[in-house]
Amino acid sequence: MALGRVLGEFGRVAIHLLAASALAFLIVRAMPGDPAVLLLLAQGQAADPATVAALHAQWGLDRSLPGQYAAWLGDFLAGDWRTSFRTGRPIFEEFAARLPVTLTVGLGAFALALGVAGPLAEAAAARPHGWQDRVLDAATLGAQAVPGFWLGCVLIWVFAVELRAIALFEAGPQRYALPIAVVALAVLGPLAQVYRAGLREVGRSDYVRAALARGASRGRVMVQQGRRYAALGLFSTAAAEAGTVVGGTAVVETVFGLPGIGQFVVDSVAVRDFFVLQAFFMVAVAWMLLASLAARLARRLVAPGAF
Amino acid sequence: MIRLLFLAFLSFVAVAPALAQRPVVVGQTFLAESLDPAQGNAGWALQSHGLAETLFTVDREGRIVPNLARNVVRDGEAWRIELRDDVRFGDGSPLDASALRDAFLRSTAESARARAQTGRIEVEILGPHAVRLRTEQKLAAVESVLAEFPLVVYRVDGERFHFTGPYRAVEYRRGEMLRLEPNPHYRVPAVRPPVVVRRVADTQTLALGLESGEIDIAFNLAVETLPRLARRAGLTVKSTPVAYQYMAFLNMARAPFDDVRVRRAVDLAVDRAQLVEAVRGGEVATGMYPRFFPFASPDRRPTDPAEAARLLDAAGWIAGANGQRFKDGRPLEFVLTAYPQRPDFVTLAPVLRAQLERIGFRVRLETSEAITPQLQAKRFDMAFWAMHAAPGGDGAYVLEQYLRSQGPTNFAGLADPQIDAALDRLRTTDAPVARIAALRATEALVFAQAPVVYLMTPVWHVGLSARVADYVPYPSDYYIVRADLRARD
């Protein structure tokens, strides 16, 4: 039974990935612009028909679209992600070199947001309209209203220019502090809001009321009784927000000059670096599927009877 | 007292080397994607970083001058190149005919961009420092091709690449930074500071890095950061015209620009000085090339709204009561396309519209995220464009590309036998003086047809810390880290 379930999960993931690969291919190819021409012009090179045709042949773009898709998918599954038009290097190597930076920012921000969201939401749920409650609302609203780009620039100006408290470009863990803070702020709001809402819903339940009637403190009851239930909603939201780890760091990578995948993909969009964009799409979808799977497993662990 | 002095001396001795070794940090939006010059556009970036060099180069005045080569002369269908005999790579090995042949053959084999310049090549060694170069494609201005980045000179040693420039790489982190030390074998000895070239993709961060003291040379700052930087003590901003030119193509396949009188009216109605003022810097265009190129047309493009109105009248576009012109009941209107990748154009578009509406046009503005494919498909009326006017120091290249009937980027759709014939003559005109005259004559023909409205030469703003306040920017991003770089330490 368990084996069947596992196989079913794998089958579902495989179908999703296959659909994603077709979607990635179609979306990327529907973008206007010929990568050969764009690349040559960007480099001040002659975009004459012979050179463009030579590049098309070199990159396999002279085949039919179904032929291109089948060949690319086959190579991708075999581990050959092809080479970037722009850099001329294998895309897998490009991603592998940049992944640590993106993961440091993305996972660091996610961990920070989770670490702050839990206690903040519990305090806010225990004291409606208290200062923690207001801080949470303000943080959520602020994160939605203030662009990450602007916030990043302001933080650099305060900490690097005026206070000289951090070195903007110096290698080391301190270089990641501000980017992680900016991304964490964007993730914090949704996580804490959902967790607080779950806790409050528990707070209105009969068994909590009974506990309160027996003289237990509200905060203690909320934490003891509500955590498990509220965590279920938190896992789902965390899975949805997990996209930030791979896809949401491009802005901070650009602002803070971090050589991550996000910045690489932004540069690749400009010259329609097809295979880079397709590979990134696949990585992002795979990551989201993994996050979704992890959330479902976590929900089963926390509340086995609920599903 | 003596002990104190001795301790002070020891402290100085300990600290002095560290002070002397403090690198000059160059912040810029691009960094070589690889140290292999045959990959992508790495050759261009490596040249800009002070590592790689070409046989010929373009000087500050836009002239092509010998660099690693002493000279090149036509030898029948081939070219005889004589190399300098005092050039060494960063590892100390000499640049000789054999090393040059290896570099050129490897580049043309592995780089489509190098092949695009020359086609297949043959390099015959004639002596220790002389080769005969045969190219598949016929070349008139061979110096220009030899000054272009796809043909930088290098030596491959296993996985390592050695260059002849004033610096050599000691640490490279792709997408992030390149650490350089002076090349001890460089042919012009001098005490040069170590350098770190750092990629900073965002121009706001670039300015902040300069303000925080972490960047010494901030290359190509955004205009909006300049007032703030001007208020900060110890910083200097130098603005220099660059080899890029701003222009606007007119689609000759569509009304109203299928009429040369309308095109010339647009050309005459544009007040370029106002455009320069709008983007807070630059020079009024004299034609396709920035004015510092020796082959640039000498006179600024004229502004004459009265003559523009007369041309429109002659073309049958008659002004109505509100000033707008009509012909056979059709209004004189078109769409002006800008693109956000060049923010200056978004600024210039409303200024240009106001100038043209003054003589009776109605202009709708649009921005395009993908301007190149739009221009290639001829889906535009009038569209902004920016380009390097002479990447290899020769003016014929852009004319061939943009204004020949069969040119690959003939966006305007110009098909003029006179201009094509003039370009044919340019292909066989080698002598520099005759070539300048031929280029100017060709440009005069283009002015008469007005397929493109030349607008202005922009400036780049380079921010400098006090350490490098003497740095003088080149009018090109091909040469940022140079042999004359010094730091006041």
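The values are calculated or read from the model by the stated rules, or taken from the named source; none is laboratory data. Here the structure is a predicted model, which means the values were calculated and not measured. We place every Cβ from the backbone using ideal geometry, glycine too, and count neighbours over all the protein chains shown.
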Quiz prompt | Which numbered condition B:Ala97 misses (of (1) touching a Pro at 6+ places or on another chain (Cβ under 7 Å); (2) under 27 Å from B:Ala243 (Cβ atoms); (3) among the hydrophobic types (A, V, I, L, M, F, W, C)) | solution = (2)
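Got a number for residues in segment A:265-288 being part of a helix (DSSP H, G or I) and at pLDDT 90 or above? Before you say what the answer is, go through the steps one by one.
Within segment A:265-288, the subset part of a helix (DSSP H, G or I) is A:265-270, A:274-288.
Still in the running and at pLDDT 90 or above: A:265, A:274-288.
Looking only at that region, the number is 16.
Looking only at residues that are crowded, with 19+ Cβ neighbours inside 10 Å and at pLDDT below 90 in segment B:348-375, which one is nearest to the other protein chains (Cβ to nearest Cβ)? Don't jump to the end; show me each part of the working.
Applying the first criterion (crowded, with 19+ Cβ neighbours inside 10 Å) to segment B:348-375 yields B:348-349, B:352, B:355-356, B:359-361, B:363, B:368, B:371-372, B:374-375.
Checking the rest, the ones that are also at pLDDT below 90 come to B:368, B:371-372, B:374-375.
Details: B:Ser368: 9, B:Ile371: 9, B:Thr372: 6, B:Gln374: 7, B:Leu375: 10 Å.
The selected residue is B:Thr372.
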Quiz item: Which of the residues belonging to segment A:1-35 are part of a helix (DSSP H, G or I), within 14 Å of another protein chain (Cβ to nearest Cβ) and in contact (Cβ under 8 Å) with a residue 40 or more places away in the chain?
Solution: A:Val28, A:Arg29, A:Pro35
Self-check item: Single residue of A:Gly247, A:Gly243 found to be in contact with a Phe, Trp or Tyr (Cβ under 9 Å, 6 or more places away or on another chain), farther than 18 Å from A:Ala298 by Cα and not charged (D, E, K, R)
Solution: A:Gly247
Exercise. Among residues belonging to segment A:149-158 that are modelled with pLDDT of 90 or more and facing chain B (nearest Cβ under 9 Å), point out the one that is nearest to A:Pro100 (Cα to Cα).
Key: A:Gly152
Quiz item: Considering only segment B:159-203, how many residues are over 23 Å from B:Arg84 (Cα atoms), of a type in the set (Lys, Arg) and within 25 Å of the chain's Cα centre (by Cα)?
Solution: 4
Practice problem: Output the number of the condition that A:Leu258 fails; it satisfies all remaining conditions of (1) surrounded by 15 or more Cβ atoms within 10 Å (Cβ to Cβ); (2) hydrophobic (A, V, I, L, M, F, W, C); (3) in a helix (DSSP H, G or I). | Solution: (3)
Quiz item: Scanning for something within 14 Å of another protein chain (Cβ to nearest Cβ) and either part of a helix (DSSP H, G or I) or more than 30 Å from B:Leu210 (Cα to Cα) (or both), does segment A:205-219 turn up at least one residue?
Solution: no
Practice problem: Kindly check whether there is at least one residue in segment A:190-203 that is under 20 Å from A:Thr140 (Cβ atoms), among the hydroxyl-bearing types (Ser, Thr, Tyr) and either without any contact (Cβ under 8 Å) to a residue 40 or more places away in the chain or crowded, with 21+ Cβ neighbours inside 10 Å (or both). | Solution: yes
Quiz item: In segment A:219-236, which residue that is small (Gly, Ala, Ser) and surrounded by fewer than 18 Cβ atoms within 10 Å (Cβ to Cβ) is farthest from A:Phe275 (Cα to Cα)?
Solution: A:Gly219
Quiz item: Regarding A:Ala36, is this residue under 19 Å from B:Glu400 (Cβ atoms) and modelled with pLDDT of 85 or more?
Solution: yes
Quiz prompt | Extreme residue, surrounded by the fewest Cβ atoms within 10 Å (Cβ to Cβ), among residues of segment A:82-100 that are in contact with a Pro (Cβ under 9 Å, 6 or more places away or on another chain) and over 22 Å from A:Pro173 (Cα atoms) | solution = A:Arg82
Practice problem: Could you name every one of the strands (runs of 3 or more DSSP E) located completely within segment B:376-489 that has at least 1 residues being over 30 Å from B:Ala308 (Cβ atoms)? | Solution: B:459-464
Quiz item: Can you tell me how many residues in segment A:241-258 are hydrophobic (A, V, I, L, M, F, W, C) and either within 14 Å of chain B (Cβ to nearest Cβ) or under 19 Å from A:Leu120 (Cβ atoms) (or both)?
Solution: 6
Quiz item: Quick one: which of B:Ala315, B:Ala321 is of a type in the set (Gly, Ala, Ser), free of Cβ contacts under 8 Å to residues at least 40 places away in the same chain and over 30 Å from B:Asp202 (Cβ atoms)?
Solution: B:Ala321
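In this structure, is B:Arg404 modelled with pLDDT of 90 or more and buried (at least 19 other Cβ atoms within 10 Å of the Cβ)?
Values: modelled with pLDDT of 90 or more: yes; buried (at least 19 other Cβ atoms within 10 Å of the Cβ): yes.
Taking the combined requirement at face value, the residue satisfies it.
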Quiz item: Out of all the residues in segment A:128-146, is one or more within 14 Å of chain B (Cβ to nearest Cβ) and either in a helix (DSSP H, G or I) or farther than 21 Å from B:Arg199 by Cα (or both)?
Solution: no
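Residues checked against (1) part of a helix (DSSP H, G or I); (2) in contact with a helix residue (DSSP H, G or I) (Cβ under 9 Å, 6 or more places away or on another chain); (3) over 30 Å from A:Ser84 (Cα atoms):
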position	(1), (2), (3)
B:Glu82	no, no, yes
B:Asp85	no, no, yes
B:Gly92	no, no, yes
B:Leu100	yes, no, no
B:Ala103	yes, yes, no
B:Ala109	yes, yes, no
B:Arg115	yes, yes, no
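Please determine, by comparing only the residues of segment A:181-204 that are closer than 18 Å to A:Arg134 by Cα and either basic (Lys, Arg) or not in a helix (DSSP H, G or I) (or both), which one is modelled with the lowest pLDDT.
Just the residues of segment A:181-204 that are closer than 18 Å to A:Arg134 by Cα, to begin with: A:185-200.
Narrowing the set further to residues that are either basic (Lys, Arg) or not in a helix (DSSP H, G or I) (or both) leaves A:196, A:200.
Values: A:Arg196: 91, A:Arg200: 86.
Filtering segment A:181-204 for residues that are closer than 18 Å to A:Arg134 by Cα and either basic (Lys, Arg) or not in a helix (DSSP H, G or I) (or both), the one modelled with the lowest pLDDT comes out as A:Arg200.
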Quiz item: Within segment A:237-255, restricting attention to residues that are part of a helix (DSSP H, G or I) and of a type in the set (Val, Ile, Thr), which residue is surrounded by the most Cβ atoms within 10 Å (Cβ to Cβ)?
Solution: A:Val252
Quiz item: In this structure, is A:Gly215 modelled with pLDDT under 90, surrounded by fewer than 19 Cβ atoms within 10 Å (Cβ to Cβ) and under 25 Å from the mean Cα position of the chain (by Cα)?
Solution: no
Self-check item: Candidates B:Gly395, B:Gly360, filtered to the one that is touching a strand residue (DSSP E or B) at 6+ places or on another chain (Cβ under 8 Å) and over 16 Å from B:Leu250 (Cβ atoms)
Solution: B:Gly360
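Please work out if B:Val153 is away from chain A (no Cβ under 14 Å), over 27 Å from A:Val52 (Cβ atoms) and within 27 Å of the chain's Cα centre (by Cα). Working first, answer last.
Working: away from chain A (no Cβ under 14 Å): yes; over 27 Å from A:Val52 (Cβ atoms): yes; within 27 Å of the chain's Cα centre (by Cα): yes.
Yes, satisfied.
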Quiz item: If we only count strands (runs of 3 or more DSSP E) wholly inside segment B:158-205, which ones have 1 or more residues that are under 18 Å from B:Ala487 (Cβ atoms) and free of Cβ contacts under 8 Å to residues at least 60 places away in the same chain?
Solution: B:167-173, B:177-182
Quiz prompt | Residue count for segment B:219-240, restricted to those that are within 13 Å of B:Leu464 (Cα to Cα), under 26 Å from the mean Cα position of the chain (by Cα) and within 12 Å of chain A (Cβ to nearest Cβ) | solution = 2
Practice problem: May I ask you to list the residues in segment B:321-337 that are part of a loop (DSSP other than H, G, I, E, B) and of a type in the set (Asp, Glu)? | Solution: B:Asp328
Quiz item: Taking into account only those residues within segment A:93-126 that are free of Cβ contacts under 8 Å to residues at least 40 places away in the same chain, farther than 17 Å from A:Val183 by Cα and not aliphatic (A, V, I, L, M), which is nearest to the other protein chains (Cβ to nearest Cβ)?
Solution: A:Glu93
Practice problem: Within segment B:248-289, track down each residue that is of a type in the set (Gly, Ala, Ser), surrounded by fewer than 22 Cβ atoms within 10 Å (Cβ to Cβ) and farther than 19 Å from B:Phe334 by Cβ. | Solution: B:Ala273, B:Ala278, B:Gly281
